[in-house]
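To start, the structure under review is shown below, and the notes come after it.
The values are calculated or read from the model by the stated rules, or taken from the named source; none is laboratory data. None of these values were measured; they are calculated from a predicted model. Ideal geometry is used to build each Cβ from the backbone, glycine not excepted, and the neighbour counts take in all protein chains shown.
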Amino acid sequence: MTDAAASAAAAAPSRTASGGEMLVRALEAQGVEVIFGYPGGAIMPVYDALVGSPLTHILTRHEQGAIFAADGYARVTGRTGVTIATSGPGATNLVTGLANALADSVPIVAITGQVARPLMGSDAFQEVDTFGITLPVVKHSFILSDPDSIPELVAEAFAIAASGRPGPVLLDLPKDVAMAPVAARALPRGRPAPLPLPEAAAVARATAMIREAKRPLVYAGGGIALAGATAAFRAFIRRTGLPVVATLKGLGAIPTDAPEFLGLLGMHGNKAANLAVQRSDLLITCGARFDDRATGRVDGFAPEARILHLDADAAEVGKIRAADLALVGDLGQALEALRPGPLAITSWQQETAQLMKAHVWRYDAPGEGVYAPALLRALSEAAGEDLIVTCDVGQHQMWAAQHCRFTRPEAHLTSGGLGAMGYGIPAGIGALHAAPGARVVTVTGDGSIMMNIQELATLNRYRLPLKIVLLDNQALGMVRQWQDIFFDGRLSEVDLSDNPDFAALARVFGLAARTIEHRDEVAGAIDWLLGAEGPALLHVKIDPLANVWPLVPPGADNHEMLEETRQ
Amino acid sequence: MMERFSILIDDSEGALMRVIGTIERRGWRVRALAMTREGNRGCRLELELARLPWHRGDPAILVRHLEKLIPVAAVDCGGRGAPPWTGQTPDRAMVPAAAGAGA
């Protein structure tokens with residue numbers, strides 16, 4: 001616990017409350033405004049306490065939808081998202097969302113009901129060992145076994161979730177604790193612990209490394225936004241003129257149309273970015289973790305580069321690739337402290353600019369069918385600066401990362417580490433509660449949308465104006481692509497040609513919907529989608545054999561990209 | 001090859017499971033374990049760990065993963081864990097943050 005006691009909120013409960021009421025008041029004391037959940041037996045005392053609370057509760061149609069919505073809310077606001085579920089199946093349905101939040105370092109507090117303490121361990125109805133099941137996928141967890149400790153543990157959960165490298169914290173609340181009387185008292189507020197500042201000697205060494213490098217390159221990851229260091233990062237790039245590549249979660253750290261930005265690196269990165277990494281002699285790694293999708297074969301990744309690693313998490317330094325120097329702690333402060341002065345990198349800047357020119361994306365695909373990359377680019381341009389894109393997982397996710405324009409990291413919500421299909425629509429629900437005036441578009445596929453299709457009902461219930469672009473190739477496209485390329489074309493369980501009529505399905509849920517399949521329909525369809533009132537779905541039939549290019553084969557170096565053989 | 005770890009943990013629920021789980025998930029197996037009470041400081045774990053043959057796990061990295069766990073107060077592995085590039089772990093390597101910063 002940090003300074004919870006010192007920062008006790010003024011609002012003390014006016015009477016004896018139940019544990020459930022105390023939990024709700026403790027959430028209010030943390031500044032929570034919106035929670036996403038689904039009720040059930042063991043959590044009923046908390047839902048009872050929500051009646052009359054100023055908290056806004058969003059009822060999703062599945063607990064996974066609730067936690068993904070809390071995740072989207074957290075990513076857009078930078079504040080801790082909150083989700084509630086009951087015991088047993090309610091809790092187990094949160095597991096994927098917890099793993100997603102842990103993998104992508106998203107601050108979430110998840111509250112689960114539990115059977116009464118005397119029944120715990122008795123195989124009671126809807127009893128599972130939620131604490132044990134979730135241990136590997138949480139940053140920390142508590143069983144709220146003492147009614148009087150609820151305010152302190154709630155505050156501590158919020159402090160832990162947001163401190164350092166953020167992550168999910170689980171609070172498991174037995175039903176008898178939720179119903180027990182709790183004495184009135186002040187409610188503490190959890191505050192994240194400050195991160196260490198960079199040591200002057202280390203900053204001096206890092207500055208010297210940057211000055212000495214002939215081909216320095218910045219490798220930007222999601223840690224920049226998590227650290228609230230986007231402004232410091234952009235200032236650092238402006239000061240130095242260093243070229244930048246980004247991970248999936250680092251997109252938007254600088255605008256993707258900035259002249260210094262070379263693109264996404266890694267498996268589906270663009271060629272300029274990957275070639276620049278391979279040529280670099282210093283990789284300034286900012287809030288990134290050398291994920292296998294970014295590095296390809298680790299031993300062949302940036303083979304000539306020294307590594308300067310800036311991160312909040314000491315355990316990431318040297319985990320995959322040894323660092324020559326690390327600044328562990330407050331990323332924004334570290335970037336602010338790095339002032340190498342004028343750099344003699346003009347020829348390197350020219351080289352990277354030439355790479356960019358030589359490897360621009362092409363949108364001149366043959367045929368009359370809809371070319372998904374071109375559609376996404378046009379959509380992104382038409383939607384404007386306030387666009388937030390939430391993605392599902394698969395080919396469409398990579399196309400969105402490659403071809404949409406992102407001006408800030410909070411504009412691109414994607415399940416990066418876990419790769420959880422079904423993330424997109426619930427994350428869009430969360431994003432719309434985080435930024436009610438924003439234009440939020442979910443890019444999904446015909447496989448992914450079915451993972452959480454029930455959340456269309458949530459969109460309709462709250463009339464959330466989410467715009468959904470469903471790229472339908474009648475297949476699990478990414479798996480099909482890999483089976484084609486790496487398994488000699490033996491297709492196994494990837495055919496989805498018996499999909500439902502998605503537009504009709506969306507209409508049944510209360511959404512406006514439209515289907516297109518020809519290129520000349522794209523412009524009008526985008527206008528229709530962005531102009532539609534309320535939630536709407538654009539069903540786009542695309543070539544079932546379309547692939548995502550380029551592709552670094554597994555086990556290959558990043559410069560060994562497979563590319564489309566179009567003339 | 002065996003590595004010896006000495007870990008001080010508090011007695012909060014799940015503390016032992018978190019430590020063992022982190023070790024196993026990060027590519028190591030527990031070959032021997034002793035746990036003793038250490039006054040009101042918590043419990044001392046003495047472990048002998050073997051790295052899985054296919055895992056590249058570095059004991060220094062495991063030390064830092066263990067140090068992140070909330071119930072873990074201290075980890076010793078023969079001085080490993082301290083980053084070789086600075087000779088110090090982050091909380092020792094950095095000057096203290098200004099009061100209230102980062103809140």
Here the residues within the range A:291-300 that are part of a loop (DSSP other than H, G, I, E, B) and either surrounded by fewer than 24 Cβ atoms within 10 Å (Cβ to Cβ) or acidic (D, E) (or both) are A:D291, A:R297
Looking at A:P166, is it more than 11 Å from chain B (Cβ to nearest Cβ) and touching a helix residue (DSSP H, G or I) at 6+ places or on another chain (Cβ under 9 Å)?
-> yes
Of (1) surrounded by 24 or more Cβ atoms within 10 Å (Cβ to Cβ); (2) among the charged types (D, E, K, R); (3) more than 30 Å from A:T390 (Cβ to Cβ), A:R279 satisfies every one except (1)
Is the range A:164-171 home to any residue that is touching an Asp or Glu at 6+ places or on another chain (Cβ under 8 Å) and not assigned by TED's automatic domain parsing to the domain that holds A:R279?
-> yes
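For A:V360, state whether it is of a type in the set (V, I, T), over 19 Å from the mean Cα position of the chain (by Cα), more than 24 Å from A:I224 (Cβ to Cβ) and modelled with pLDDT under 95.
yes
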Cβ-Cβ under 7 Å pairs, at least 6 apart or on other chains, the range A:193-209 side more than 8 Å from chain B (Cβ to nearest Cβ) and buried (at least 16 other Cβ atoms within 10 Å of the Cβ), far side in a helix (DSSP H, G or I) and at pLDDT 90 or above = A:V203/A:A337
Residue check: is A:R293 within 14 Å of chain B (Cβ to nearest Cβ), basic (K, R) and more than 16 Å from A:I210 (Cα to Cα)?
-> no
Take the range A:25-45 and flag every residue that is within 28 Å of the chain's Cα centre (by Cα), part of a helix (DSSP H, G or I) and buried (at least 21 other Cβ atoms within 10 Å of the Cβ).
-> A:A26, A:L27, A:A29, A:I43
Of A:A258, A:A288, which residue is touching a Gly at 6+ places or on another chain (Cβ under 9 Å), in a loop (DSSP other than H, G, I, E, B) and either in contact (Cβ under 8 Å) with a residue 12 or more places away in the chain or not basic (K, R) (or both)?
-> A:A288
Scan the range A:310-331 for residues that are at the interface with chain B (Cβ under 9 Å from one of its Cβ atoms) and not in a loop (DSSP other than H, G, I, E, B) and jot them down.
-> A:A314, A:A315, A:E316, A:L325, A:A326, A:L327, A:V328
Would the range A:50-61 turn up any residue that is closer than 18 Å to A:A457 by Cβ, buried (at least 19 other Cβ atoms within 10 Å of the Cβ) and among the hydrophobic types (A, V, I, L, M, F, W, C)?
-> yes
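Scanning the range A:154-172 for residues that are outside any loop (DSSP other than H, G, I, E, B) and under 17 Å from the mean Cα position of the chain (by Cα), which turns out surrounded by the fewest Cβ atoms within 10 Å (Cβ to Cβ)?
Taking the candidates together, the pick is A:A162.
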Find the residue count for the range A:221-255, including only residues that are surrounded by fewer than 22 Cβ atoms within 10 Å (Cβ to Cβ) and either in contact with a Ser or Thr (Cβ under 8 Å, 6 or more places away or on another chain) or of a type in the set (D, E) (or both).
-> 1
For the range A:470-508, enumerate the residues that are among the small types (G, A, S) and loosely packed, with under 14 Cβ neighbours inside 10 Å.
-> A:G489, A:S492, A:S497, A:A504
Does A:A225 qualify as being among the aliphatic types (A, V, I, L, M), farther than 16 Å from A:C286 by Cα and assigned by TED's automatic domain parsing to the domain that holds A:R306?
-> no
Identify, by number, the condition in (1) under 18 Å from A:R514 (Cα atoms); (2) assigned to a helix (DSSP H, G or I); (3) of a type in the set (A, V, I, L, M, F, W, C); (4) within 19 Å of the chain's Cα centre (by Cα) that A:A457 doesn't meet.
-> (4)
Can you confirm whether the range A:7-29 contains a residue that is of a type outside the set (G, A, S) and in contact with a Gly (Cβ under 9 Å, 6 or more places away or on another chain)?
-> no
Would a scan of the range A:479-488 turn up a residue that is outside the structural domain of A:A69 (by TED's automatic domain parsing), in contact (Cβ under 8 Å) with a residue 24 or more places away in the chain and touching a Ser or Thr at 6+ places or on another chain (Cβ under 8 Å)?
-> no
Helices (runs of 4 or more DSSP H) wholly in the range A:332-443 with at least 2 residues that are surrounded by 24 or more Cβ atoms within 10 Å (Cβ to Cβ) - which ones?
-> A:372-383, A:395-403, A:424-434
Please work out which one of (1) farther than 25 Å from A:V95 by Cα; (2) within 14 Å of another protein chain (Cβ to nearest Cβ) is the condition A:R185 fails and give its number.
-> (2)
Residues being exposed (fewer than 13 other Cβ atoms within 10 Å of the Cβ) and either touching a Ser or Thr at 6+ places or on another chain (Cβ under 7 Å) or at negative phi (or both) - total across the range A:538-563 | 3
